[in-house]
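A.B. asks: Mind having a look at this structure? Questions to follow.
The values are calculated or read from the model by the stated rules, or taken from the named source; none is laboratory data. Bear in mind that the values here come from a model prediction, so they are computed numbers and not experimental data. Reconstructed Cβ throughout: ideal geometry from the backbone, glycine too, with neighbour counts over all protein chains shown.
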Amino acid sequence: MSRSRLGRGLSQLISSNALSQSRAVIEVTPDRLQPNPFQPRRGYDVAALDELAESIRQQGILQPLLVRPAGDNYQIILGERRWRAAQQAGLETVPCIVEEVEDRQALEMALIENLHREDLNAVERARAYQQLVDDFDFTHEELAQHIGKSRSAITNTLRLLQLPEEVLASLAKGNISEGHGRALLSLEDDLHSLREAWRAVESGELSVRATEELVREVLGRDKPAAEARRSSRIVPPDPHLMALSEHLQETLATEVKVQPRKSGGGTILIRFSDAEELQRIAEHIAPGDYL
């Protein structure tokens, strides 16, 4: 299945109008339904699930679950949260629409549908993005088009997965924000300092701006003398160079820094997160298969 067809197929499958007009609803006991193993959500808000369960007790399930056959049972494609709430509400059966869907399409649908939800945390989003890249060969650009995000937003979210596991856990729990995580990534080459900064951020409840200041202090403190001397030869970019830097970032869809030197010349730093992104950047600069 081509990716261009996925968006239309997904909207048709989850559209209440399309469902009511073209597919029969069957009642299935909750014990015959299995969760999707590729569900990006790793946890459910207890209070929100309680509210949904109470709503289901009062009004029932208004939108059927989308499922596919799995032996004598059914695997949920879309609607796991409704299924969990239905069990909590004590429903004997759950309304479902059965769709014959191949593994690849079912997994893509489940991931992309969930990524359109606003209540996934940053780590869940990043892992879902990574799964689509790894399992289905999506490029960052294609993923951005499907999710409705900018190319740089996809890349920045994926970069969060470079954080240590304990920092990712803190981000997933909401102890720190995505902005905090991106600031801490500047210390990714020194994990000891990164962890120290993260503990300071958590214990001091620092804002993102304060975290960025802390990271700059750590980078300045740990910078070797040779690097300090090198930095002293770098002058702040003038407005024209800043505009050029922004233009390059927009064109290449990644972080670009233009660093001029007092003696003339300078350096352009282009950040990439993986081999695929490096290939994409290289294609922008000079088309050809390099990797």
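A.B. asks: Say we look at segment 275-285 and pick out the residues that are at pLDDT 75 or above and loosely packed, with under 15 Cβ neighbours inside 10 Å; which of these is farthest from residue 133 (Cα to Cα)?
C.D. replies: Ranking the candidates gives 285 first.
A.B. asks: What number of residues within segment 139-161 satisfy the criterion of being assigned to a loop (DSSP other than H, G, I, E, B) and among the charged types (D, E, K, R)?
C.D. replies: Final tally of qualifying residues: 1.
A.B. asks: May I ask you to verify whether residue 112 is over 30 Å from residue 65 (Cβ atoms) and either more than 9 Å from the chain's Cα centre (by Cα) or not in a loop (DSSP other than H, G, I, E, B) (or both)?
C.D. replies: Spelling it out, it is not the case that residue 112 is over 30 Å from residue 65 (Cβ atoms) and either more than 9 Å from the chain's Cα centre (by Cα) or not in a loop (DSSP other than H, G, I, E, B) (or both).
A.B. asks: Does segment 94-103 include one or more residues that are touching a strand residue (DSSP E or B) at 6+ places or on another chain (Cβ under 8 Å), crowded, with 17+ Cβ neighbours inside 10 Å, farther than 30 Å from residue 57 by Cβ and not assigned by TED's automatic domain parsing to the domain that holds residue 280?
C.D. replies: Scanning segment 94-103 turns up at least one residue that is touching a strand residue (DSSP E or B) at 6+ places or on another chain (Cβ under 8 Å), crowded, with 17+ Cβ neighbours inside 10 Å, farther than 30 Å from residue 57 by Cβ and not assigned by TED's automatic domain parsing to the domain that holds residue 280.
A.B. asks: Determine whether segment 128-135 contains at least one residue that is free of Cβ contacts under 8 Å to residues at least 60 places away in the same chain, over 23 Å from residue 47 (Cα atoms) and out of contact with any helix residue (DSSP H, G or I) (no Cβ under 9 Å at 6 or more places or on another chain).
C.D. replies: yes
A.B. asks: Give just the number: which of (1) surrounded by 17 or more Cβ atoms within 10 Å (Cβ to Cβ); (2) more than 30 Å from residue 188 (Cβ to Cβ) does residue 90 not satisfy?
C.D. replies: Unmet for residue 90, out of (1) surrounded by 17 or more Cβ atoms within 10 Å (Cβ to Cβ); (2) more than 30 Å from residue 188 (Cβ to Cβ): (1).
A.B. asks: Moving to a separate point now. Does residue 22 meet the test of being modelled with pLDDT under 85, farther than 30 Å from residue 158 by Cβ and surrounded by fewer than 15 Cβ atoms within 10 Å (Cβ to Cβ)?
C.D. replies: When the stated conditions are applied, residue 22 passes them.
A.B. asks: Those residues that are modelled with pLDDT of 85 or more, over 25 Å from residue 48 (Cα atoms) and surrounded by 19 or more Cβ atoms within 10 Å (Cβ to Cβ), I need them from segment 106-141; list them, please.
C.D. replies: The one that is modelled with pLDDT of 85 or more, over 25 Å from residue 48 (Cα atoms) and surrounded by 19 or more Cβ atoms within 10 Å (Cβ to Cβ): 140.
A.B. asks: From the list 75, 87, which one is in a strand (DSSP E or B), in the same structural domain as residue 29 (by TED's automatic domain parsing) and among the polar types (S, T, N, Q)?
C.D. replies: Result: 75 is the single residue among 75, 87 that is in a strand (DSSP E or B), in the same structural domain as residue 29 (by TED's automatic domain parsing) and among the polar types (S, T, N, Q).
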